[in-house]
Amino acid sequence: MIFDPSKPPLTDSAGLLKSIPVEAEPEIWKRATKVFSSGLCDLQVNGFAGVDYNDPTLMPEEFEKSLFTMLSTGVTTCLPTVITGSEDWQIQCFHALEEGRNSSKLAQTMIPGYHLEGPFLNPEEGFCGCHPSKWMRPATWDHFERLQEAAGGRIKLITVAPEIKGVLDLIPKLVEKGIAVAIGHCNPDHDTLLRAADAGVTLSTHLGNGIAQILPKKDNPILGQLAEDRFSASFIADGVHQQPHVLRVYLRAKQSSRTILVTDGTSCSAALPGRYSLGQVDIEHQQEDIVYIPGTKMLAGSAATLSKCVANVVDWYGVPFDEVIRWASEQPRRLIGLPESLLIGSSQSKVTWEMGLQKPIVEKVHLGNWKLENI
Ligand SMILES: [Zn+2]
């Protein structure tokens with residue numbers, strides 16, 4: 001075990017009843033060949049199955065097709081994520097996503113809202129990651145409101161850099177509106193980090209990524225965020241964004257109750273190797289599910305599926321399956337204020353996992369009337 005094994009309470013602070021995330025006691029599922037869980041929830045997905053969600057020309061049919069493929073991997077809830085771009089471009093991306101959502105029952109069921117990652121981020125090299133830094137801006141409420149309006153009021157999660165002008169003032173207003181606030185692509189000093197926590201930040205976005213290669217050893221934004229218990233942290237457990245032995249250290253610091261798995265998936269996810277796009281950025285899906293900016297070793301999101309990340313963590317560390325399911329299902333839902341499970345008892349969402357193999361794999365997915373089976 002790499003964690004304090006104490007489990008979270010049966011109800012959260014809002015009194016929401018937790019359902020059973022895995023439909024069996026650990027002693028039973030350890031011997032079982034099939035296990036049921038509630039559907040997975042991915043808080044950060046920029047595209048899927050060859051379809052880029054950061055594309056103003058996104059077609060509703062293509063969008064729905066990509067969601068069907070995502071559903072087949074066990075994800076029943078996701079936040080399509082729009083990265084940094086000009087205001088005009090981000091508005092067009094949200095319009096295209098809204099058009100896709102409004103024309104698809106599946107999209108309306110799977111998508112409770114969006115994740116806005118930028119433009120209120122740190123433009124310095126190393127911290128901006130693959131985002132186009134020329135569009136990063138100081139934060140204003142008016143700017144956010146224009147984006148929120150384009151998103152139909154559905155921005156549920158925003159990633160900001162607290163050291164950027166205007167951000168510390170923006171955070172409490174966002175929290176008041178029920179929007180979860182994360183920090184990422186940032187380089188705050190410790191005092192600014194604490195002020196962000198006081199203002200209501202609850203998440204570190206893909207902690208350990210979107211940050212400079214070389215950092216001061218005595219204190220730096222990674223250590224500061226690992227030490228701050230008011231922040232949960234999301235991780236991309238694909239073995240590339242952090243090597244397994246490094247992720248083990250992060251998980252020990254955040255403990256089970258503050259760990260969330262995301263994919264930061266792109267159009268490369270569940271797609272063949274080749275050239276794709278992430279908004280205005282060209283990306284290349286190489287073998288072994290790695291996504292780079294072509295000609296560089298700079299990561300640009302992932303090609304991992306959330307079910308693969310779940311399986312990786314079970315495989316690498318022997319963390320109990322039901323515990324990892326919480327990281328990819330209940331805990332991300334709780335962070336954005338959704339019921340923690342999609343009512344497994346009434347079969348609103350159910351994932352059947354085949355456990356008899358080396359790693360758990362998704363065999364069947366039920367979401368409402370949709371039933372998919374992976375052959
Ligand atoms: Zn990012």
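Taken together, the values in this text are just the output of simple stated rules run on the coordinates, not laboratory data. Keep in mind that this is a model prediction, so the values were computed, not measured. In this analysis, Cβ positions are derived from the backbone assuming ideal geometry, glycine residues included, and neighbour counts consider all displayed protein chains.
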Any hit, the stretch 120-136, residues being crowded, with 18+ Cβ neighbours inside 10 Å, assigned to a strand (DSSP E or B) and of a type outside the set (V, I, T): no
Long-range neighbours under 8 Å by Cβ, at least six apart or interchain, first residue polar (S, T, N, Q) within the stretch 240-253, second crowded, with 18+ Cβ neighbours inside 10 Å and in a helix (DSSP H, G or I): Q242/Y250
Matching residues in the stretch 168-201 - criterion: being among the aliphatic types (A, V, I, L, M), under 22 Å from P216 (Cβ atoms) and either within 16 Å of the ligand (Cβ to nearest atom) or touching a Cys at 6+ places or on another chain (Cβ under 7 Å) (or both): I183, V201
K156, sole failed condition from (1) within 16 Å of the ligand (Cβ to nearest atom); (2) in a strand (DSSP E or B): (1)
Filter result for the condition that a residue is over 19 Å from N54 (Cβ atoms) and of a type in the set (D, E), over E145, E98, E149, E117: E145
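A quick yes/no check of all residues on (1) among the basic types (K, R); (2) in a loop (DSSP other than H, G, I, E, B); (3) exposed (fewer than 14 other Cβ atoms within 10 Å of the Cβ):
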| position | (1), (2), (3) |
| --- | --- |
| Y276 | no, no, no |
| G295 | no, yes, yes |
| K308 | yes, no, no |
| N312 | no, no, no |
Selection within the stretch 94-120 - in contact with a strand residue (DSSP E or B) (Cβ under 7 Å, 6 or more places away or on another chain) and within 16 Å of the ligand (Cβ to nearest atom): Y114, H115, L116, E117, G118, F120
Condition broken by A237, with the remaining ones in (1) within 16 Å of the ligand (Cβ to nearest atom); (2) closer than 23 Å to G279 by Cβ satisfied: (2)
Qualifying position, being on the phi > 0 side of the Ramachandran plot, in contact (Cβ under 8 Å) with a residue 40 or more places away in the chain and of a type outside the set (F, W, Y), among D322, D315, D264: D264
